[in-house]
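Novice: First the structure, which I've put down as structure tokens, then a few questions once you've had a look.
Values quoted throughout were computed directly from the atomic coordinates according to the rules given, and no laboratory measurement underlies them. Bear in mind the structure is a predicted one, so any value in this text is a computation, not a measurement. Cβ placement follows ideal geometry from the backbone for every residue including glycine, while neighbour counts extend to all protein chains displayed.
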Amino acid sequence: MTDKSEIELQAAAFRRLRDHLQERTDVQNIDLMNLAGFCRNCLSRWYQEEANAKGIDLSKEAAREIVYGMPYSEWKNKYQTEAGPDKLADFEKNKPND
């Protein structure tokens, strides 16, 4: 496999993950964090960090809009639910250190 092919496949896989997360609005970020150790916000932060490392000025909100498919505030208003004490406790217990 060539480097170009690998990059194209990685980009396609990222787009599929992003699209899947945009479709699964029933899955809350805290659920993702508790099960996988990352969420939509992490993904958007990584996207922003990589853009900035390449000299591309990308704001936190712009990166979130790429991942969420809409402004973050809109997504929160439409889809985010209150996390119960059990989910919050799991999050605190397993919170990543980064």
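Novice: Could you list the trypsin sites (Lys or Arg not before Pro) in the range 7-68 that lie in coil according to DSSP, counting only those with at most 15 other Cβ atoms within 10 Å of their Cβ?
Specialist: For trypsin sites (Lys or Arg not before Pro) across the range 7-68 that sit outside H, G, I, E and B with at most 15 neighbouring Cβ atoms in 10 Å, the list reads Arg24, Lys54.
Novice: If each of Ser73 and Asp31 carries a label point 7 Å out from its Cα toward its Cβ, how far apart are those two points in nm?
Specialist: Here the answer is 2.7 nm between the modelled labels.
Novice: Which of the three applies to the chain, rounded, prolate or oblate, going by the alpha-carbon gyration tensor with a ≥ b ≥ c and a/c under 1.5 meaning rounded?
Specialist: Prolate.
Novice: Taking the simple approach of a point 7 Å from Cα along Cα-to-Cβ for both Thr2 and Glu49, what is their distance in nm?
Specialist: 3.1 nm
Novice: Let me ask something else about it. Compute, for the chain, the length of the dipole vector about the Cα centre, with Cβ point charges of +1 (Lys, Arg) and -1 (Asp, Glu) only. Units Debye, rounded to 20.
Specialist: So the dipole magnitude of the chain works out to roughly 60 debye.
Novice: Please list, in order along the range 59-76, the HN-Hα scalar couplings obtained from phi with the Karplus expression 6.51 cos²θ - 1.76 cosθ + 1.60 (θ = phi - 60°), rounded to whole Hz, x for Gly and Pro.
Specialist: Once θ is set to phi - 60°, the couplings for the range 59-76 become 6, 4, 5, 5, 5, 4, 5, 4, 6, 7, x, 6, x, 4, 4, 5, 4, 4 Hz.
Novice: From the helices alone, meaning DSSP H stretches of at least four residues, give me the mean residue ellipticity at 222 nm for the chain, per-run term -39500 (n - 2.57), in deg cm²/dmol to the nearest 500.
Specialist: -22000 deg cm²/dmol
Novice: Then there is this: How many nm is it between the label spots at Leu88 and Glu65, if each spot is 7 Å from the Cα in line with the beta carbon?
Specialist: 3.2 nm
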